[in-house]
Each structure stands twice: as C-alpha cells, then as structure tokens.
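The values are calculated or read from the model by the stated rules, or taken from the named source; none is laboratory data. Predicted model, so just to flag it, every value in this text is computed and none were measured. In this analysis, Cβ positions are derived from the backbone assuming ideal geometry, glycine residues included, and neighbour counts consider all displayed protein chains.
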Amino acid sequence: MAEINDSPVAGSTDLPPAPETDDLKTETKAEGDGKAAPDPALYRYIKDDLFTSEIFKVEIRNLPKFVGFNDLKKFLTKHGVNPHKIKLLGKQMFAFVTFKNEEERDKAMKMVHGMQWKGQVLSVRLAKPKADPIQRTRRMQEDGGSGAGQPAAKRPKGNGEDGDGDGEEEEPLTVQIANVVTPLWNVPYEEQLRMKEQEVVEVLQRLAKEIGSTNKSMLPWLFAQKGKYNKMCCPLEAVKPSPTQTEYRNKCEFLISAGADGEDKTIGFRLGKYKGGSCAVVGPAETCHVSAETKTVVREFQKFIRTTAYSVYCPETYEGHWKQLTVRTTRTKQAMAIAFFNPQKLEEDELSTLKDSMKKFFTEGEGKESGVTSLYFAREGQRRSPNLEDLPCELVAGDACIHEELLGLKFRISPHSFFQVNTAAAEVLYSAVGEWAQLDQDSTVLDVCCGTGTIGISLAKRVKRVIGIEMCQEAVQDAKVNAELNGLSNIEFHCGKAEDVFPNILNAVVSPSVTAIVDPPRAGLHSKVILAIRRAAHLKRLVYVACNAKAAMNNFIDLCRAPSNRVHGPPFRPVRAMAVDLFPQTKHVEMLLLLERVDYDSRP
C-alpha cells in the first residue's frame with residue numbers, strides 16, 4: 001500500500017536525497033580519478049556516527065548499450081556483488097552504485113573491474129559522495145550566485161534584483177505553503193476531477209500501445225477496444241469524487257524546524273525542498289486538507305516543545321533534537337501523536353524527564369484539551385535507517401492504538417500501520433473493489449499489501465476465505481485484531497515481503513474461484529509477484545489499486561505481455577478502469593484497474 005504525503009518533510013530522512021541526473025553529470029566531471037578528498041563543507045553529512053551509503057560509492061563505466069536497471073542489478077548479483085542503490089545513466093553508459101559497507105564496495109571493484117559484459121570491458125572506480133544540497137546552495141551563493149539569505153530556487157520573481165523592475169511582492173506564506181502541499185487549492189473541484197480523469201485516460205492509452213508491442217496475439221481485440229474507447233485499452237468509468245474535499249487527511253507528518261516567519265521551533269510543512277536549499281517550515285493553520293483536530297494537536301505540541309530546552313534538529317549540521325510530529329486522527333474522535341526526537345548524547349535520565357514532562361503537559365497541563373488519546377515518543381538511534389517511520393515508538397500516555405470505523409466495520413490502528421489517509425473516500429474505493437471482484441461464497445480472495453486488513457475484512461463475509469499479506473509486522477498484528485473485532489474467522493494474515501510470501505501461498509490455494517486484490521506501494525509490485533500471478537493459471541481475476549499508475553505501468557505491461565521464457569502462463573487483459581479521488585486539492589489520484597485472464601479457448 002502507498003501513502004501519499006502531500007508535502008515531504010525533512011524529518012523523514014537525515015541525509016541528502018538520491019542524486020538527480022543533472023547533478024550526476026556535474027558530479028562526474030568533478031570526480032576525476034576519485035582520489036580527491038571530499039570538501040568538508042559540502043560533505044558535512046559524512047560522519048562516523050551517521051550511516052549513508054554515499055560513503056561507499058563507485059562508478060561503473062563502459063556499460064553495454066541499452067542496459068536497464070534490472071539488467072545491471074541481475075548482472076552484479078550473479079557475480080556475487082550486493083548493491084544497495086543503483087543510479088543508471090543509459091545515454092552516458094555508466095552508473096553510480098552504492099554499497100552498505102566498505103567490504104562490499106571493495107569486493108565490487110575487485111570483481112567487476114575489467115570484466116567483459118556483452119562485448120564491453122567494464123571499468124570501476126571510486127566515486128565521491130553526493131554533495132549536501134544545502135551546503136552546495138550556500139557555496140553557490142558565496143561564489144556569486146543569487147543573493148544571500150535565500151536559495152536561488154526560492155527567490156521571488158519580479159523583486160527588481162533581476163533587472164525587470166516590476167517590483168512584484170512575494171506571496172504571503174499561507175499562499176506559498178498552499179501551493180506546495182495542495183497545489184490545486186485554487187482550482188474548482190470539478191476541474192480537478194477532470195484533470196485526474198484525463199491522467200488516467202493517458203495511462204490507458206499508453207497501456208494500449210504497450211500491449212500492442214508486447215503481445216501481438218491481442219492485436220485484433222486491442223484494435224476493437226481502441227476504436228470503442230478513445231484509443232484506450234478498456235472502458236473508463238466516471239471518476240469517483242471524494243465525499244469530502246477539505247479537512248480529509250487522517251494522517252499528517254509535520255517537520256519540526258525553524259519557521260519561515262522567523263519563529264523558532266515551528267511545526268509544519270516544509271516550504272521548499274531540501275535539495276533546493278530550504279529547511280524552513282510553515283504551520284498548517286491555513287491549509288485546507290488538514291483537519292481541525294490535527295491543527296489543534298499541532299498547536300498544543302508546538303507550545304510544549306517551545307517550553308523545552310531542546311532545539312530543533314538541523315539537517316545542515318546534524319545537531320539538535322526535535323525532528324518530526326506525526327498526527328493520526330479518526331472519525332471516532334481519537335487522536336494519536338508521535339514525536340520523533342534525536343537524543344544526540346543525552347543521558348537516559350534526561351530523556352526520562354523529557355517524556356515525563358510531555359506526559360504531564362498532555363494529561364494535566366495545557367495540552368489536556370488537545371484531543372490526544374495516544375501519545376508516543378520515538379527516538380532515533382545511531383546509524384539507523386534514515387526512515388523515521390521505521391523507528392520503534394514508546395507509549396508515553398493514553399491508549400496504545402486508535403480505532404476507526406469504515407463501511408460499518410471497526411479497525412485498530414497502531415503508530416506505523418497503513419490506513420488510507422482519506423477515510424470517506426476509502427469507503428468509495430473499497431466499495432468499488434468489492435463490486436468489481438465479482439465474489440461469491442466459493443471465492444478465495446488474496447489481499448496483497450493488505451496493511452491493517454481493510455480491503456480483505458470488508459469483503460470477508462461475501463467469500464469463503466481471505467488471505468492477507470503484509471510486510472509490516474505491526475500492521476499484521478492490527479489486521480488479526482481487526483478480524484476478531486469484526487467477528488471474522490475465515491481470514492488469515494501472513495507477514496513478509498510480498499515477493500517472498502506470495503508465490504508459496506498462491507501455489508497452495510485450492511479453490512474454484514481465486515481473485516487477487518493488490519494495493520502496493522507507489523513503485524508497484526515486485527517482479528517476482530507478477531511472475532507468480534502469471535504462473536498461477538487458476539487465478540482468473542485481478543483488481544489492481546494503483547496510487548501511482550505511471551509507476552505501476554511495468555506491472556500492467558508484464559501482466560498483459562505474451563508468454564515467454566521469463567513470463568509463464570496465459571496473460572491478463574484490462575477489462576475496466578476508474579479514477580477515485582482520495583487526495584482532493586492535490587495532483588494525486590488512485591486508479592482502479594480490473595484485469596481478467598485471457599481464455600485462449602474462447603477469446604475472439
């Protein structure tokens with residue numbers, strides 16, 4: 001499952017983002033033979049107590065033409081090399097590859113350098129780490145770039161400094177932050193829906209072209225489909241609007257940083273991007289997609305952190321403490337607050353005192369009326385994953401979980417468990433999934449990437465059996481409790497990566513009617529899952545819930561492509577599609593796609 005964050009926050013990662021293509025071109029010219037020591041100012045994030053794979057980076061040159069990401073990954077793995085990240089620049093025929101430690105990096109250099117691949121002799125050399133974006137921006141300003149005090153990317157247009165002299169004033173912060181987190185806030189809702197529906201039209205038109213290229217046997221059917229449905233591979237039903245267009249988010253992640261208005265210890269959304277040189281945040285008070293309940297929690301928590309002696313965490317210097325606040329709310333009037341904190345070198349007794357004061361503030365002090373029913377404290381350890389959502393959470397006060405009602409069912413939600421961020425629109429989405437799945441009492445449903453079990457549980461009473469698969473252990477525990485809360489005994493949940501668990505489960509299912517429902521992360525399903533689905537000829541129907549249909553395109557293509565040495569089993573073909581708006585005021589949209597197995601005996 002994928003959770004759309006309308007405004008990425010720096011609290012979700014300590015380290016600079018993966019290099020962009022243009023940056024890599026510049027970086028390559030500066031690397032020379034890879035032996036020059038990194039400039040401390042530009043590479044401040046490389047410290048002994050922080051982990052980043054950028055420390056262990058190599059450049060592989062002279063790659064064969066037309067080699068893709070998966071080709072390179074398979075090649076390296078085949079030769080015993082375990083890459084952490086790969087950034088491939090096909091036109092330049094080279095790639096940057098990072099590793100988790102020095103041993104793996106050196107092994108790659110020894111094994112791959114001089115090796116022949118498709119007639120090309122590979123060259124491997126050390127590569128310098130990616131420059132910290134903020135430090136790089138500061139350096140550019142010092143060297144005569146844009147004026148000091150404001151990154152080049154964020155300087156207001158028309159301020160007279162560029163010679164245009166029109167004197168146009170910078171927009172208010174409330175408008176600037178609205179443009180960042182809800183870019184469609186000023187577009188009429190009907191027009192928003194039209195734009196999102198058009199996006200799905202373009203996806204289906206592209207899929208039609210891809211199917212024509214990868215499965216020639218479908219061309220007669222495809223020709224008829226495109227003629228009937230505006231060059232799309234299947235009919236597109238009318239877009240489903242969100243029942244609520246404002247204050248709909250039940251989960252928000254806020255950065256704790258210096259405010260763009262100059263106020264210290266501000267909780268809000270980042271005004272710009274880290275790689276653009278900005279760390280300033282603006283509070284959510286005027287944002288239209290954040291609920292009043294969430295805004296109250298943010299306001300009270302901001303009061304609390306301003307009473308403490310601890311500073312906000314600074315991604316430039318890697319100093320400071322307060323990093324992020326995650327707030328989850330429900331229609332049952334419960335609220336969960338999770339404070340993410342970097343302890344640096346604080347002693348345990350200091351942390352205990354802080355947690356005690358936080359508990360007192362929200363149970364006895366000013367924060368008592370904030371509505372928080374579940375209060376957590378998450379501290380970052382040394383050399384941990386940069387993803388704050390992976391950190392263990394310690395309950396400070398209140399209940400361990402919050403509860404939500406959806407389609408007349410009850411659901412328990414833990415700190416890290418996935419639950420769709422727009423509950424009312426999720427009901428619309430799940431109702432459509434249930435209708436499209438065409439289930440009966442003999443059906444077995446495979447709920448892949450099931451989160452807290454919402455889809456499978458909503459369908460369980462219609463079918464014989466539901467099997468859910470989810471990699472987050474906390475979510476699986478919630479899903480099992482949710483099944484019990486709703487009196488269901490025909491549903492089971494398995495914890496693990498879908499690519500590891502799904503093939504075996506699918507092979508073991510014996511049922512006259514098997515339907516898979518997949519709601520994967522934004523990048524889509526792992527290729528192993530797609531291949532397992534294709535091999536399982538008894539799986540006749542697949543409902544794909546895509547929060548990023550463009551990113552899922554490769555999944556769609558592989559489901560529909562002709563059988564080959566790699567892809568076994570009859571292909572699927574798209575039957576119907578629909579856009580469901582779970583994210584009003586933003587450009588994001590969910591796409592629902594129903595695919596059915598091609599019956600070679602009866603197809604036209």
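Pick from E350, E394, E369: which is modelled with pLDDT under 95 and more than 23 Å from the chain's Cα centre (by Cα)?
Values: E350 fails: modelled with pLDDT under 95; E394 fails: modelled with pLDDT under 95.
Result: E369 is the single residue among E350, E394, E369 that is modelled with pLDDT under 95 and more than 23 Å from the chain's Cα centre (by Cα).
In the list E300, E316, which residue meets the criterion of being assigned by TED's automatic domain parsing to the domain that holds G259 and either surrounded by 22 or more Cβ atoms within 10 Å (Cβ to Cβ) or part of a helix (DSSP H, G or I) (or both)? Break it down into steps so the answer makes sense when it comes.
Values: E316 fails: either surrounded by 22 or more Cβ atoms within 10 Å (Cβ to Cβ) or part of a helix (DSSP H, G or I) (or both).
That would be E300, the only listed residue that is assigned by TED's automatic domain parsing to the domain that holds G259 and either surrounded by 22 or more Cβ atoms within 10 Å (Cβ to Cβ) or part of a helix (DSSP H, G or I) (or both).
Looking at D500, D519, which one is surrounded by fewer than 19 Cβ atoms within 10 Å (Cβ to Cβ) and either at pLDDT 90 or above or among the acidic types (D, E) (or both)? Outline the logic, then answer.
Values: D519 fails: surrounded by fewer than 19 Cβ atoms within 10 Å (Cβ to Cβ).
Among D500, D519, only D500 is surrounded by fewer than 19 Cβ atoms within 10 Å (Cβ to Cβ) and either at pLDDT 90 or above or among the acidic types (D, E) (or both).
Within segment 67-90, work out how many residues are surrounded by fewer than 19 Cβ atoms within 10 Å (Cβ to Cβ) and either over 28 Å from the mean Cα position of the chain (by Cα) or β-branched (V, I, T) (or both).
So the count comes out to 6.
Please work out which one of (1) closer than 22 Å to H494 by Cα; (2) buried (at least 23 other Cβ atoms within 10 Å of the Cβ) is the condition N422 fails and give its number.
Looking at each condition in turn, N422 falls short on (1).
Working only within segment 399-420, note down all residues that are small (G, A, S) and either assigned by TED's automatic domain parsing to the domain that holds L375 or without any contact (Cβ under 8 Å) to a residue 60 or more places away in the chain (or both).
Initial filter on segment 399-420 (small (G, A, S)): 400, 408, 414, 417.
Listed by number, the residues that qualify are A400, G408.
Can E103 be described as at pLDDT 80 or above and in contact with a Pro (Cβ under 8 Å, 6 or more places away or on another chain)?
On the way: at pLDDT 80 or above: yes; in contact with a Pro (Cβ under 8 Å, 6 or more places away or on another chain): no.
Judged against the criteria, E103 is not a match.
Among (1) in a loop (DSSP other than H, G, I, E, B); (2) farther than 30 Å from S242 by Cα; (3) of a type in the set (S, T, N, Q), which single condition is S357 missing?
Single failed check for S357: (1).
Can you tell me how many residues in segment 152-196 are in contact with a Pro (Cβ under 9 Å, 6 or more places away or on another chain) and at pLDDT below 90?
Qualifying residue count for the region: 4.
May I ask you to list pairs of residues, at least six apart or on different chains, whose Cβ atoms are under 6 Å apart, with the first in segment 472-494 being in contact (Cβ under 8 Å) with a residue 12 or more places away in the chain and closer than 9 Å to T452 by Cβ and the second being among the hydrophobic types (A, V, I, L, M, F, W, C) and crowded, with 16+ Cβ neighbours inside 10 Å?
Listed by first residue and then by second, the contacts come to A475/F418; V476/F493; V476/C495; A479/F493; N482/F411; N482/I457.
Got a sec? Which of G262, G272, G227 is crowded, with 16+ Cβ neighbours inside 10 Å and small (G, A, S)? Quick ask: steps written out before the conclusion?
Values: G262 fails: crowded, with 16+ Cβ neighbours inside 10 Å; G227 fails: crowded, with 16+ Cβ neighbours inside 10 Å.
None of the other options fit; the residue is G272.
Show the residue pairs meeting these rules: Cβ distance below 6 Å; 6+ apart or different chains; first residue within segment 50-70 and among the polar types (S, T, N, Q); second residue modelled with pLDDT under 80.
If the second residue must be modelled with pLDDT under 80, the pairs left are T52/L15.
Only one of T515, T586 is assigned to a strand (DSSP E or B) and either farther than 19 Å from S213 by Cβ or over 24 Å from the mean Cα position of the chain (by Cα) (or both). Can you tell me which?
Details: T586 fails: assigned to a strand (DSSP E or B).
Sole residue among the options that is assigned to a strand (DSSP E or B) and either farther than 19 Å from S213 by Cβ or over 24 Å from the mean Cα position of the chain (by Cα) (or both): T515.
Just for segment 325-371: of the residues that are in contact (Cβ under 8 Å) with a residue 40 or more places away in the chain and hydroxyl-bearing (S, T, Y), which one is farthest from A309 (Cα to Cα)?
Among residues in segment 325-371 that are in contact (Cβ under 8 Å) with a residue 40 or more places away in the chain and hydroxyl-bearing (S, T, Y), the one farthest from A309 (Cα to Cα) is T332.
I need the full set of residues from segment 440-458 which are over 23 Å from the mean Cα position of the chain (by Cα), more than 18 Å from R412 (Cβ to Cβ) and surrounded by 22 or more Cβ atoms within 10 Å (Cβ to Cβ), in order please. Give the steps one after another, and end with the answer.
Looking only at segment 440-458, we keep the residues that are over 23 Å from the mean Cα position of the chain (by Cα), and these are 440-445, 457-458.
Then drop every residue that is not more than 18 Å from R412 (Cβ to Cβ), which leaves 440-445.
Passing the criteria: only V445.
Name the residues in segment 562-585 that are of a type in the set (D, E, K, R) and at pLDDT 95 or above, would you?
Residues satisfying the conditions are R573, R576, D581.
Would you point out which residue out of R306, R328 is charged (D, E, K, R) and part of a strand (DSSP E or B)? I'd like the intermediate steps shown before the answer.
Numbers: R306 fails: part of a strand (DSSP E or B).
From the options R306, R328, the qualifying one is R328.
Residues in segment 85-120 that are farther than 15 Å from L63 by Cα and of a type in the set (S, T, N, Q): how many?
2
Can you pull out the residues in segment 194-214 that are of a type in the set (K, R) and under 22 Å from the mean Cα position of the chain (by Cα)?
Passing the criteria: only K196.
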